[in-house]
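For reference, the structure discussed in these notes is given below.
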Amino acid sequence: MTLTLTRSGRRAAHGAPPARWRGKKVQGWLYAAPTAVIVGVLFVVPLVLVVWMSLNRWPLLGPARFNAPDNYARIADNPLFLDAVLFTLKYTAITTVLLSSVALGLALLVQERRPGVGFFRTAFFLPGAVGFAAAALLFYGMLNNDFGPIDPMLRALGITHEPVKWIGTPNMALFSTIALVLWRFAGFNMLILLTGLQAIPVEVYEAARSDGAGRWQIFTRITLPLLRPTLALMLILSVTGSLLAFDQFFIFTNGGPDNSTVSMVMVVYRDAFFRFDLGGAAALSVVLLVGLVGLNALMMRRLR
Amino acid sequence: MTRALTLSALAVLFLFPLVWSGWASLEDPSNYLEMARFGEGLGTYATNSVLVSAMTVAGTLVVSALGGYAFARFDFPGKNLLFLATLAILMVPYATILIPLYVLLGFIGLQNSLVGLSLVFVMFQLPFALFMMRNAFEAIPRELEEAALVDGCGTFRAFSRILLHAVRPALVTVGLFAFLASWNDFFAPLILLNDGSSFTLPVAVVSMTQRTFGAIDYGMLQAGVMVMAVPCLVLFIVLQRHYVRGFMSGALRG
């Protein structure tokens, strides 16, 4: 009896629910019920459904028929998808390297609280408040040879002499898309890194400086190692986001020229809504899902 | 000095596209008139977007406030499982469950429906929102609601009369993130809506670039960009503090 009292007393002191509420399981469930319904119906069920769909011939209209493992077997002879895998990996590698370098540079430039720094932080982040679709359309107009301002500016400066094919060749289309992504996401990643930079105690820098460390030494020996968890988080977000790229290629390059900028998710979309093959699209989704969850787990283990 | 120059040059680089788009759209005000007449008309698309955003924000706030309270203050069977399942939404790539969601919404009669789309947005917002709200409720001293309970309030009255006021900053943050996500998202409405009259702004404006006949009207396109971007820019500047706070405490750790 005494023991129970002491225990419950201690639990209350640690912030566990008081006895009055502990019995009210039903009430707890009632408050949690909307969450449970949303998560159950709109997340768990689709997760099961996508696996089931991938085992069936599932046309956009008409009845489904079990055909496992045809949808998976056909992935191997889907040249568009195999090309898209290679392209998306290339895009992810380039984007992640450039995006993290630019974001780190911006974060270092605005990390100290000085007058005016707030303006620059906001300026760099502001493109991140614009939706990605709107940003892609903005660049679509800005880089248009007849309408956009960039071509005339480059010509006036004598840098180019004829219209630049911004999305006219595979390499330029990739280059322009990466410019769009850097503009839209650099500030967002800068903000992530700023939270990490601000968590490094000032004393550590002071100690290093009094030991005679130069700026470069401080950066490589102190800032980078202490920033590692934040950098890891940014890398994971950037890799995941890039592997799932869709909007930029659908809106800005439309997969072109000659299907050279078709990303993996674009193939899923095409299979489902242009080839009306939902089963095939589901199989691709399952492959992507397993691949990404595995990659995330791997990255978290290696980087953290 | 070099630092100031670098910063200024970068700020110009980052702000230039926004300034140009605004200028290009306003250069000829008829761009906006053209835009208003495009397809089903700007009124239809803007109304759809506002409806979807409003339903998403309201739905996310209600579900995550109730759920956050449950997770902060009650013990119930399946609590940990439900929390983990909610956080797992973050692990699963967004794009991969939209195809089954399209089929599922067809089963329950919510395909091509703004309500269905909003429910999907609420689901995608839940991991962040629930995490934020749970932390906000946990930060409230228990004495506050115990006093109310002693005074004879039920838990729901304590919740709605007292606790909701105390977590207002978290509600603003959750609402802001829900608005930005639902107002701007392109992929989910592209897949889940298939009738022009139910399109939201991003899908409608993108369709301006994909006309088979006639040239693309770039001025009208930038007017569309501005209609989508300006509300977000204004909200972001006004609520910047809330954005950054949510970013630090929830978006990152989630």
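One residue is enough: does the stretch A:162-172 have a residue meeting the conditions surrounded by fewer than 14 Cβ atoms within 10 Å (Cβ to Cβ) and part of a helix (DSSP H, G or I)?
yes
Specify which of the listed residues (A:F249, A:F273) is more than 9 Å from chain B (Cβ to nearest Cβ) and either closer than 30 Å to A:L224 by Cβ or of a type in the set (A, V, I, L, M, F, W, C) (or both).
A:F249
So which of B:V174, B:V225 is at the interface with chain A (Cβ under 9 Å from one of its Cβ atoms), among the β-branched types (V, I, T), part of a helix (DSSP H, G or I) and touching a residue at least 40 places away in the same chain (Cβ under 8 Å)?
None of the other options fit; the residue is B:V225.
Could you figure out which of (1) closer than 25 Å to A:L288 by Cβ; (2) more than 7 Å from every other protein chain (Cβ to nearest Cβ); (3) at pLDDT below 95 isn't true of B:G109?
Going through the list (1) closer than 25 Å to A:L288 by Cβ; (2) more than 7 Å from every other protein chain (Cβ to nearest Cβ); (3) at pLDDT below 95, B:G109 breaks only (1).
Please give the number of the condition A:T35 fails out of (1) without any contact (Cβ under 8 Å) to a residue 24 or more places away in the chain; (2) surrounded by fewer than 19 Cβ atoms within 10 Å (Cβ to Cβ).
That leaves (2) as the condition not met.
Would a scan of the stretch B:148-155 turn up a residue that is of a type in the set (S, T, N, Q) and more than 10 Å from chain A (Cβ to nearest Cβ)? Don't jump to the end; show me each part of the working.
Initial filter on the stretch B:148-155 (of a type in the set (S, T, N, Q)): B:155.
Going one step further and asking which of them are more than 10 Å from chain A (Cβ to nearest Cβ), we end up with none.
Scanning the stretch B:148-155, I find no residue that is of a type in the set (S, T, N, Q) and more than 10 Å from chain A (Cβ to nearest Cβ), so the answer is no.
Filter the stretch A:105-145 down to the residues that are within 30 Å of A:I222 (Cα to Cα) and assigned to a loop (DSSP other than H, G, I, E, B), then identify the one that is modelled with the lowest pLDDT.
The qualifying residue modelled with the lowest pLDDT is A:R113.
Please list, ordered by residue number, the helices (runs of 4 or more DSSP H) wholly in the stretch A:199-304 having 3 or more residues that are at pLDDT 90 or above and either among the hydroxyl-bearing types (S, T, Y) or not assigned by TED's automatic domain parsing to the domain that holds A:D83 (or both). Before the answer, list the steps.
Values: elements: A:202-210, A:215-218, A:224-243, A:264-273, A:278-303.
Result: A:224-243.
Kindly provide the set of residues from the stretch A:276-298 that are closer than 24 Å to A:T96 by Cβ and more than 10 Å from every other protein chain (Cβ to nearest Cβ), ordered by number.
If the condition is that a residue be closer than 24 Å to A:T96 by Cβ and more than 10 Å from every other protein chain (Cβ to nearest Cβ), then A:G294, A:L295, A:L298 are the ones that fit.
Select from the stretch B:102-137 the residues that are part of a helix (DSSP H, G or I) and touching a Leu at 6+ places or on another chain (Cβ under 7 Å) and list them in ascending order.
Selection gives B:Y102, B:V103, B:L104, B:L105, B:L114, B:G116, B:L117, B:L119, B:V120, B:M123, B:P127, B:F137.
Looking at (1) crowded, with 18+ Cβ neighbours inside 10 Å; (2) in contact with a Pro (Cβ under 8 Å, 6 or more places away or on another chain), which is the one condition that is false for B:V62?
(1)
Per-residue answers, yes or no, for (1) under 30 Å from A:Y31 (Cα atoms); (2) outside any loop (DSSP other than H, G, I, E, B); (3) within 20 Å of the chain's Cα centre (by Cα):
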{"position": "B:A24", "(1), (2), (3)": "no, yes, no"}
{"position": "B:D28", "(1), (2), (3)": "no, no, no"}
{"position": "B:L33", "(1), (2), (3)": "no, yes, no"}
{"position": "B:A36", "(1), (2), (3)": "no, yes, no"}
{"position": "B:G43", "(1), (2), (3)": "no, yes, no"}
{"position": "B:A46", "(1), (2), (3)": "no, yes, yes"}
{"position": "B:T56", "(1), (2), (3)": "yes, yes, yes"}
{"position": "B:S64", "(1), (2), (3)": "yes, yes, yes"}
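Could you look through the stretch B:102-133, keep only residues that are hydroxyl-bearing (S, T, Y) and buried (at least 22 other Cβ atoms within 10 Å of the Cβ), and pick out the one that is nearest to the chain's Cα centre (by Cα)? Break it down stepwise before answering.
So in the stretch B:102-133, the residues hydroxyl-bearing (S, T, Y) come out as B:102, B:113, B:118.
From the residues that got through so far, the ones that are buried (at least 22 other Cβ atoms within 10 Å of the Cβ) too are B:102, B:118.
Working: B:Y102: 20, B:S118: 10 Å.
Looking at residues that are hydroxyl-bearing (S, T, Y) and buried (at least 22 other Cβ atoms within 10 Å of the Cβ), I get B:S118.
Could you grab me the full set of residues in the stretch A:53-101 that are of a type in the set (S, T, Y), touching a Ser or Thr at 6+ places or on another chain (Cβ under 7 Å) and more than 24 Å from B:L101 (Cβ to Cβ)?
Result: A:Y91, A:T92, A:T95, A:T96, A:S100.
Counting just the residues of the stretch B:1-52 that are touching a residue at least 40 places away in the same chain (Cβ under 8 Å) and aromatic (F, W, Y), which one comes out farthest from A:F124 (Cα to Cα)?
B:F38
Could you list, in sequence order, all residues of the stretch B:181-190 that are surrounded by 22 or more Cβ atoms within 10 Å (Cβ to Cβ) and either aliphatic (A, V, I, L, M) or closer than 30 Å to B:R142 by Cα (or both)?
B:A188, B:L190
Could we say that A:G148 is more than 7 Å from chain B (Cβ to nearest Cβ), assigned to a loop (DSSP other than H, G, I, E, B) and buried (at least 18 other Cβ atoms within 10 Å of the Cβ) here?
So A:G148 passes the test.
Would you say A:D77 is more than 10 Å from chain B (Cβ to nearest Cβ), of a type outside the set (S, T, Y), touching a residue at least 40 places away in the same chain (Cβ under 8 Å) and closer than 30 Å to A:S54 by Cβ?
no
For (1) more than 15 Å from the chain's Cα centre (by Cα); (2) at the interface with another protein chain (Cβ under 8 Å from one of its Cβ atoms), each residue gets a yes or a no:
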site	(1), (2)
B:A158	yes, no
B:A170	no, no
B:F186	no, yes
B:F199	yes, no
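State which residue is surrounded by the fewest Cβ atoms within 10 Å (Cβ to Cβ) when the search covers only the stretch A:117-134 and only residues that are small (G, A, S) and at the interface with chain B (Cβ under 8 Å from one of its Cβ atoms).
The extreme case among them is A:A123.
Here are some conditions: (1) at pLDDT below 95; (2) touching a helix residue (DSSP H, G or I) at 6+ places or on another chain (Cβ under 8 Å); (3) among the hydrophobic types (A, V, I, L, M, F, W, C). B:V203 meets all but one. Which one does it not meet?
(1)
The values are calculated or read from the model by the stated rules, or taken from the named source; none is laboratory data. For clarity, every value in this text was computed on a predicted model and none was experimentally measured. Neighbour counts are summed over all protein chains in view; Cβ atoms, including those assigned to glycine, are modelled from backbone coordinates with ideal geometry.
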